[in-house]
Amino acid sequence: MQESEKELREVAKKLLLEKKVDLIIGYEEGTLPLRTRPIFIREADETKKLVWNFRCENNLCFYLKMAKERVGIVAKGCDIRSIIGLIKERQIKRENIFIIGVPCSGIIDRKKIEDILEGRELLEGIESDSQIILKGEGLEEKVDKDKLVHASCKSCKYRNPVLYDTLIGKEVSQGEGEEYSDVEEFASKSDNERWAYFNDEASRCIRCYACRNVCPACYCPQCFVDQSLPTWFGRTLHPSDTLIFHIIRTLHIAGRCVDCGACSRVCPMNIELRMLNKKAEKDVKELYHYEAGISLEELPPMATFKMDDPQEFIK
Amino acid sequence: MEGNRIVSKEKSEWKPRIIAFLCNWCSYAGADLAGIGRLQYPPNVRIIRVPCSGRINPYFIIKSLQHGVDGVLVSGCHPGDCHYISGNLVARRRFAILKRILEFAGVEKGRVQFTWISAAEGERFSQVIKEVTQEIKALGPNKRFVKEA
Ligand code: SF4
Ligand code: SF4
Ligand code: SF4
Ligand code: FES
């Protein structure tokens, strides 16, 4: 960890000094315990603030859509898949992006920390190689990092960057386990149970749209839920309306979502957004043999077709 | 009509209300042919004509359910016959994913159905409507997405 951080700072510094990029987007330590935050660096000196660790949660390619200059970006496996999507969908230009790829063994799921804290205040958090130490008033707990890894990371098959200009550190072993076991288990429940579950989730949603705003694949200048001529999407907090928002969003990101987990992480209501997204991902894979963010050439599956696409569902 | 909901007058026997989105160039013409041929089919279907099956936004289908219809049928030209060449082929992918996601979320199988009917298939049109109506009748009234008062 320490070494890759050193390497990262050197690479970033060199890029700025040699004027290969105008801006570096990466992570720095935040002000709250255990939190990192995005940093935007234009001066070579500042690259010493860059960090790379278990807590680098954000999918930074979100910012690429706004950048006008040449950008060097610190990107994990899933982030790079987002970048590939954005290049393919002509939202950013490959030549304007310098990808500093970092192999990643999984990122923290902060919600698991919240569960451990049970409302107690965290005053200090220390990360070591294999553990996180939580400290607060009357609180000192050591937790294995393994137990804190985000669900998306556990079974991730793209921990090593599939596209990069330079690679920091060494390649890591891929995630293990069946990627769709949750989806399959859920699918085996009855219609009524599944409906009740989604209704429950939807009834907690406060429609802050943070999930959409943070998603690298959601860049529409006007999202469907914001259309007002006419306002044809229900804008109430009724679970029917919120569930429709989530279902339509899932359809829009089908074949484009890279399971970076940014949407679930950012949700203030802890809504299980991953279930729908993963289901769409699985279907696209089964039907059109496509995985998002792996190749620059293949067309996004929902923007194309084949004459002999499966149609057993057509009467 | 009662607000946005269509309410059937006879309370005695429940009759499903079904919306059919038919593309102008094949399926709608197929329905027309069924009419010209005086073929009988159940009167539970309200037809909405769209330029092409590719015009059908998945939301049309979900919104229909939300407004209380009991079933949705979508029909376009057979693959290769679309007036706009590939509208139905792109739509086919969209429908495939939509159908799977809806069913995953708990919408009963058969509530939303898809088919291809050509302008020459008046007979088939009436047959499909019969089948779909029967299947939706068997499912009972739609409760998914409907906002209960
Ligand atoms: S939907 Fe969520 S997991 Fe998928 S790309 Fe967007 S933010 Fe990432
Ligand atoms: S939910 Fe759909 S319309 Fe809204 S920003 Fe995302 S892709 Fe665009
Ligand atoms: S972030 Fe959570 S609460 Fe906000 S709109 Fe998305 S699902 Fe709803
Ligand atoms: S015109 Fe009939 S499906 Fe395109």
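The values are calculated or read from the model by the stated rules, or taken from the named source; none is laboratory data. Since the structure is predicted, the reported quantities are computational estimates derived from the model, not experimental observations. Please note: Cβ atoms are built from the backbone with ideal geometry, for glycine as well, and neighbour counts cover all protein chains shown. Note: accessible area is taken over every heavy atom of the protein model, side chains too, but ligands, DNA and RNA are not part of it. Shrake-Rupley method; radii C 1.70, N 1.55, O 1.52, S 1.80 Å.
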Number of positions in the range B:28-48 that are part of a loop (DSSP other than H, G, I, E, B) and in contact with a strand residue (DSSP E or B) (Cβ under 8 Å, 6 or more places away or on another chain) = 1
For A:Gly234, which of the numbered conditions (1) within 16 Å of ligand 1 (Cβ to nearest atom); (2) open to solvent by 20 Å² or more (accessible area, probe 1.4 Å); (3) among the small types (Gly, Ala, Ser) fails to hold?
-> (1)
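When you check A:Ala280 against the structure, is it within 12 Å of ligand 1 (Cβ to nearest atom), touching a residue at least 12 places away in the same chain (Cβ under 8 Å) and in a loop (DSSP other than H, G, I, E, B), yes or no? Steps first, please.
Numbers: within 12 Å of ligand 1 (Cβ to nearest atom): yes; touching a residue at least 12 places away in the same chain (Cβ under 8 Å): yes; in a loop (DSSP other than H, G, I, E, B): no.
Answer is no for this residue.
I'd like the full set of residues that are in a loop (DSSP other than H, G, I, E, B) and either within 19 Å of the chain's Cα centre (by Cα) or within 13 Å of ligand 1 (Cβ to nearest atom) (or both), limited to the range A:209-222.
Step one: list which residues in the range A:209-222 are in a loop (DSSP other than H, G, I, E, B), which gives A:209, A:215-222.
Listed by number, the residues that qualify are A:Tyr209, A:Cys215, A:Pro216, A:Ala217, A:Cys218, A:Tyr219, A:Cys220.
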Within the range A:270-315, can you find the residues that are open to solvent by 60 Å² or more (accessible area, probe 1.4 Å) and among the small types (Gly, Ala, Ser)?
-> A:Ala303
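So, in the range A:247-259, of the ones that are within 12 Å of ligand 1 (Cβ to nearest atom) and open to solvent by less than 20 Å² (accessible area, probe 1.4 Å), which residue ends up farthest from the other protein chains (Cβ to nearest Cβ)?
Looking only at the range A:247-259, we keep the residues that are within 12 Å of ligand 1 (Cβ to nearest atom), and these are A:249-259.
Pick out the ones that are also open to solvent by less than 20 Å² (accessible area, probe 1.4 Å) and you get A:249-250, A:253-255, A:258.
Working: A:Arg249: 11, A:Thr250: 6, A:Ile253: 11, A:Ala254: 5, A:Gly255: 8, A:Val258: 17 Å.
Ranking the candidates gives A:Val258 first.
Residues checked against (1) in a helix (DSSP H, G or I); (2) among the β-branched types (Val, Ile, Thr); (3) out of contact with any strand residue (DSSP E or B) (no Cβ under 7 Å at 6 or more places or on another chain); (4) surrounded by fewer than 23 Cβ atoms within 10 Å (Cβ to Cβ):
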position	(1), (2), (3), (4)
A:Gly26	no, no, no, no
A:Pro33	no, no, no, yes
A:Phe62	yes, no, yes, yes
A:Phe98	no, no, no, yes
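Which residue is farthest from ligand 4 (Cβ to nearest atom), if the candidates are limited to the range A:217-240 and must be within 8 Å of another protein chain (Cβ to nearest Cβ) and over 27 Å from A:Met66 (Cβ atoms)? Outline the logic, then answer.
Start the filter on the range A:217-240 by keeping residues that are within 8 Å of another protein chain (Cβ to nearest Cβ), which leaves A:224, A:232-234, A:238, A:240.
After this cut, where a residue has to be over 27 Å from A:Met66 (Cβ atoms) as well, the list is A:232, A:234, A:238, A:240.
Working: A:Trp232: 23, A:Gly234: 28, A:His238: 33, A:Ser240: 29 Å.
Restricting to residues being within 8 Å of another protein chain (Cβ to nearest Cβ) and over 27 Å from A:Met66 (Cβ atoms), the top hit is A:His238.
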Within the range B:91-119, considering residues that are over 20 Å from B:Ser53 (Cα atoms) and within 7 Å of chain A (Cβ to nearest Cβ), the one nearest to the chain's Cα centre (by Cα) = B:Glu108
Result of the Cβ filter at 9 Å on the range B:28-54, keeping first residues that are farther than 11 Å from B:Phe125 by Cα and open to solvent by 80 Å² or more (accessible area, probe 1.4 Å) and partners that are in a strand (DSSP E or B) and away from ligand 4 (no atom under 14 Å from the Cβ), at least 6 apart or interchain, is B:Arg46/B:Ile18; B:Arg46/B:Ile19
Among (1) away from ligand 2 (no atom under 16 Å from the Cβ); (2) modelled with pLDDT of 95 or more - the single one B:Tyr41 does not satisfy = (2)
When you go through A:Ile132, A:Ile107, A:Ile126, A:Ile168 one by one, which is the residue that is away from every other protein chain (no Cβ under 14 Å), open to solvent by 30 Å² or more (accessible area, probe 1.4 Å) and of a type in the set (Val, Ile, Thr)?
-> A:Ile126
Does B:Lys130 satisfy the condition of being surrounded by fewer than 22 Cβ atoms within 10 Å (Cβ to Cβ), without any contact (Cβ under 8 Å) to a residue 60 or more places away in the chain, of a type in the set (Lys, Arg) and more than 7 Å from chain A (Cβ to nearest Cβ)?
-> no
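Can you pull out every residue in the range A:192-207 that is assigned to a helix (DSSP H, G or I), without any contact (Cβ under 8 Å) to a residue 40 or more places away in the chain and open to solvent by less than 50 Å² (accessible area, probe 1.4 Å)?
Initially, the range A:192-207 is screened for residues assigned to a helix (DSSP H, G or I), giving A:192-204.
Next, only the ones that are without any contact (Cβ under 8 Å) to a residue 40 or more places away in the chain stay: A:192-197, A:200, A:203.
Passing the criteria: A:Arg194, A:Trp195.
With B:Gly68, B:Gly122 as the choices, which residue is away from chain A (no Cβ under 12 Å) and surrounded by 17 or more Cβ atoms within 10 Å (Cβ to Cβ)?
B:Gly122
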Identity of the residue in the range A:260-308, over 20 Å from A:Ser155 (Cβ atoms) and polar (S, T, N, Q), that ends up nearest to the other protein chains (Cβ to nearest Cβ) | A:Thr304
